[in-house]
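Since the structure comes first, as C-alpha cells, the remarks are kept for the end.
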Amino acid sequence: MTDSGLAHLHPGVRDVAAADNAVRLEAIRSKRWITHDPAARVLAALKEAIDQPISDRMENILFLAESGMGKTMLLRKFLRDNATSFDATRGVQPHPVVLVLMAEEPTEEAFYVQVLKAVGAPLILSPRRHMLSVRETTFRILRELGTRMLMIDEINSILVGSPRQQRRFLQLLRFLSNELQVAIVCAGVPEARFALLSDPQLRSRVAEILLEPWTSGPEFQAFVNILVQGLPLRRPSPVDSGRLRRLLVERSGGITLSICRALERAGAAAIRNGQERIEPSGLEAPEIWRGLGLPAQGSTRLRPAALARTGN
C-alpha cells in the first residue's frame, strides 16, 4: 500500500499501517503524546511561570483536573521540554524543572525525601540532626541543580493528613517558595483546591488552571481527528460527526483517558475484523466501554469550559 492510499493518517504512522496486524496492534497499545489546544494552553501557562523573574514573591500555580484528564502526562511533557544537557564543566546534570510525586503522608521529611529521589540524589541522614540534615541537603542540591520550578503531582494526597499536618504542609510550600525563589506547581484533582487555597498567604500568590472534561465542540472534534489519524488503520474513519462526538462525551463523561482507550479499542477491533476503519456504530459496542464508565458519583466536576485561569 502506497502513502497516497494512507493520506488520512499522520505521516509518521503510514509505515506502521503497511505492516502486519501484530505490529499495528502493538502500535495502538503504545503510549504517545497527543497534542490538543487545552493542553497547549496549560503548557503555555507553565512556561510563563518558569520564565518569570526571580523575586521574593514568586507566582505559583494550582493545576486542577479530574483523574484521567492527563495531568501527569502534561507535567512530564513540560519536564522533557525543559530538560538540559549535562554540564561537563561543573560535573552536574542541571534540573531546571523537578517533578515530584506527593508523598503518601503530608510530612516535611517525606516530602524532602521525594524531592531527593526525583533528582537522583543519594539520601544520607545524620542520626542527630535528622530533619535539619534532610532540609539542608534538599535546598543545597536544588540550588546546585539550578532548579527554577518545582512541580508536585497528586497534591490531593495532602487531604489524607490531619488538619494540623495540612496546615504545616501549606507552611512548607510558602517556605519553599520564599527560600528557594522557585515557581511551585501543585497538580491534583479539584478537591485539592479546598485545602491548598485555605491558606490566605498561599492563595494570594497562586494562579489556578482548570483542565475541564471535554464537551462536544470544535476543540473536541480536532482532538478526536488527531487521535484517529494516529491509529494505523488503512481506511479513513468517518469520525467527523456530531453523533460520534456526543456518544464519546456521554459515555466517557468527557474524560480524556476513557476517550483515548475507547478509540484505541475500536481501532484494534477494526484491524481484527478487517473493516480497517472506526464506525460510529462500532463505538456503541459494550466491550469498547468495559471499565470506562462515567466518573464515580460524588466526583467534583469543573465548570463547563475548556480551560480557565484566574488569580486571587
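The values are calculated or read from the model by the stated rules, or taken from the named source; none is laboratory data. Just so you know, these numbers come straight off a predicted model, no measurement behind them. Don't worry about glycine lacking a Cβ; one is built from the backbone with ideal geometry, like all the others, and counts go over all protein chains shown.
Brief remarks follow.
- When region 221-261 is filtered for residues that are touching a residue at least 40 places away in the same chain (Cβ under 8 Å), of a type in the set (A, V, I, L, M, F, W, C) and assigned to a helix (DSSP H, G or I), the ones remaining, listed by number, are Ala222, Phe223, Ile226, Leu227, Val228, Leu257, Ile259, Cys260.
- One residue from Arg277, Arg245, Arg309 being closer than 20 Å to Gly5 by Cα and either at pLDDT 95 or above or surrounded by 14 or more Cβ atoms within 10 Å (Cβ to Cβ) (or both): Arg277
- Pick from region 16-42, criterion farther than 26 Å from Trp214 by Cα and either in contact with a Leu (Cβ under 9 Å, 6 or more places away or on another chain) or of a type in the set (Phe, Trp, Tyr) (or both), ranking: surrounded by the most Cβ atoms within 10 Å (Cβ to Cβ): Ala17
Yes/no per residue for (1) surrounded by fewer than 16 Cβ atoms within 10 Å (Cβ to Cβ); (2) more than 25 Å from Pro96 (Cα to Cα); (3) modelled with pLDDT of 90 or more:
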{"residue": "Arg140", "(1), (2), (3)": "yes, no, yes"}
{"residue": "Phe194", "(1), (2), (3)": "yes, yes, no"}
{"residue": "Ser198", "(1), (2), (3)": "yes, yes, no"}
{"residue": "Ser204", "(1), (2), (3)": "yes, no, no"}
{"residue": "Phe223", "(1), (2), (3)": "no, yes, yes"}
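- Top-ranked residue in region 43-58 [being part of a loop (DSSP other than H, G, I, E, B) and in contact with a strand residue (DSSP E or B) (Cβ under 8 Å, 6 or more places away or on another chain); ranked as surrounded by the most Cβ atoms within 10 Å (Cβ to Cβ)]: Met58
- Condition met for Arg148 (under 24 Å from the mean Cα position of the chain (by Cα) and in the same structural domain as Pro94 (by TED's automatic domain parsing)): yes
- Scope region 236-288; condition under 26 Å from the mean Cα position of the chain (by Cα) and hydroxyl-bearing (Ser, Thr, Tyr); matching residues: Ser252, Thr256, Ser258
- Number of positions in region 219-252 that are in contact with a helix residue (DSSP H, G or I) (Cβ under 8 Å, 6 or more places away or on another chain) and among the acidic types (Asp, Glu): 2
- Odd one out for Gly5 among (1) surrounded by fewer than 17 Cβ atoms within 10 Å (Cβ to Cβ); (2) part of a helix (DSSP H, G or I); (3) under 26 Å from the mean Cα position of the chain (by Cα): (3)
- Checked against the criterion of being in the same structural domain as Arg76 (by TED's automatic domain parsing), touching a Leu at 6+ places or on another chain (Cβ under 9 Å), on the phi < 0 side of the Ramachandran plot and not charged (D, E, K, R), the candidates Gln275, Gln201, Gln229 yield just one match: Gln201.
- Residue in region 83-91 that is outside the structural domain of Cys260 (by TED's automatic domain parsing), surrounded by 12 or more Cβ atoms within 10 Å (Cβ to Cβ) and under 28 Å from Gln165 (Cβ atoms) present: no
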